[in-house]
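Inspection log for the structure reproduced underneath, given as C-alpha cells.
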Amino acid sequence: IMKNPTGFDKQQWELVIGTFMEILWRTSYLGGNNIETLRAYGDFLQDYAKRYYSEFCQPIKPRKRKRDEKIRIGYVSLRFRNQAVSQYMANRIFCHDKERFHVKTFILQAETDGMTEQIKAASDEVAVFGGVSIENALAVFAKSIKDSDLDILIYADIGMDNVTYSLGAMRLAPVQAVLVGHGTTTGLTTIDYYLSGDHEPRNAQKHYVEKII
C-alpha cells in the first residue's frame with residue numbers, strides 16, 4: 001500500500017498514515033532494528049507532504065546571522081503538559097543559555113496544565129494553537145513554524161501522533177532534529193539529526209535514518 005498509493009485521495013492517504021502509525025509506534029518498543037520499515041513509512045509520509053503541502057517542502061537556506069545574534073531554536077510537540085515526554089524533555093527548554101539561544105515553543109495541544117505554564121515561562125516566544133479545525137491544522141502549524149525563521153527546529157517526540165509525524169515530513173527550518181521522546185528513528189530524510197541519550201548500541205547509526213548525536 002505504501003509503495004503504490006496511486007489513486008488515493010487525501011482522506012485515504014491520511015487513513016493509511018494513521019493506521020500504520022498506530023502499529024509502528026507499538027512495534028518500536030519491541031526492540032531490534034526496524035529502520036527498513038520506518039524508512040518506507042517515512043518515504044510515504046514525505047510523498048503525502050509533497051502532494052498536499054508542497055509549499056512547505058522546499059529546501060530552506062540557513063539565514064545569515066550577525067556575529068552576536070542569537071541562534072533561533074524552536075521546539076514542537078503535542079505533549080507540552082504533565083506527561084512523560086515533557087517530564088523527560090522539558091529540561092532542554094529550561095536549561096538553554098539565553099545569551100546564545102532564542103527559544104520558541106510551539107504548543108500544539110489544546111490541553112494545558114502547570115507544566116505547560118513552566119515551559120511557556122522558560123521560552124522567549126510561545127505559539128499556542130486553539131480552535132484550529134482538523135482540516136486546516138497541518139497548514140496552520142506548518143506556516144507558523146516556517147514563518148518563525150528558525151535556525152534549528154526540534155521535535156520532542158515524532159512517532160507518537162499523526163500531526164508531528166506529518167510536520168516532520170516537511171522542511172520548515174534549515175536544520176531539523178528530533179529528541180528521544182519516542183525511542184526509534186523517524187524514517188524521515190527531512191529530519192537531519194536524532195538527539196539520543198546514553199543507551200545506544202555500538203552500531204547505533206545503523207538503526208537511524210537521521211545522523212545520531
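Within region 40-67, which residues are assigned to a loop (DSSP other than H, G, I, E, B) and open to solvent by 60 Å² or more (accessible area, probe 1.4 Å)?
58, 59, 61, 62, 64, 65, 66, 67
Return the pairs, sorted by first residue and then second, in which the second residue is open to solvent by 30 Å² or more (accessible area, probe 1.4 Å), the first residue lies in region 78-104 and is among the aromatic types (Phe, Trp, Tyr), the beta carbons are less than 7 Å apart, and the residues are 6+ apart or on different chains.
Going by the 7 Å Cβ cut-off, the qualifying pairs are 101/70; 101/71.
Inspect all residues belonging to region 15-33 and state whether any of them is within 28 Å of residue 107 (Cβ to Cβ), in contact with a His (Cβ under 8 Å, 6 or more places away or on another chain) and in contact (Cβ under 8 Å) with a residue 60 or more places away in the chain.
yes
Suppose we filter 104, 61, 70, 98 for residues that are of a type outside the set (Phe, Trp, Tyr) and touching a Gly at 6+ places or on another chain (Cβ under 9 Å); which single one remains?
104
Go over the candidates 140, 132, 128 one by one and state the one that is surrounded by fewer than 16 Cβ atoms within 10 Å (Cβ to Cβ), aliphatic (A, V, I, L, M) and in contact with a helix residue (DSSP H, G or I) (Cβ under 6 Å, 6 or more places away or on another chain).
132
Mind telling me which of the residues 158, 145, 93 ends up being in a loop (DSSP other than H, G, I, E, B) and open to solvent by less than 20 Å² (accessible area, probe 1.4 Å)?
Every option except 158 fails the conditions.
For region 166-203, enumerate the residues that are open to solvent by 40 Å² or more (accessible area, probe 1.4 Å), more than 12 Å from residue 89 (Cβ to Cβ) and touching a residue at least 24 places away in the same chain (Cβ under 8 Å).
Hits for region 166-203 are 175, 183, 189.
List every residue pair whose Cβ atoms lie under 9 Å apart, where the two residues are 6 or more positions apart in sequence or sit on different chains, the first residue falls within region 45-73 and is on the phi < 0 side of the Ramachandran plot and without any contact (Cβ under 8 Å) to a residue 60 or more places away in the chain, and the second residue, located anywhere, is part of a helix (DSSP H, G or I) and among the charged types (D, E, K, R).
Taking only residues 6 or more apart or on different chains, the pairs are 51/10; 52/10; 55/143; 55/146.
The values are calculated or read from the model by the stated rules, or taken from the named source; none is laboratory data. Everything numeric in this text was worked out from a predicted model, so none of it was measured. A quick note on method: Cβ atoms are made from the backbone with ideal geometry, for glycine too, and the neighbour counts reach across all protein chains shown. All accessible areas refer to the heavy atoms of the entire protein, side chains included, with ligands and DNA or RNA removed. Shrake-Rupley method; radii C 1.70, N 1.55, O 1.52, S 1.80 Å.
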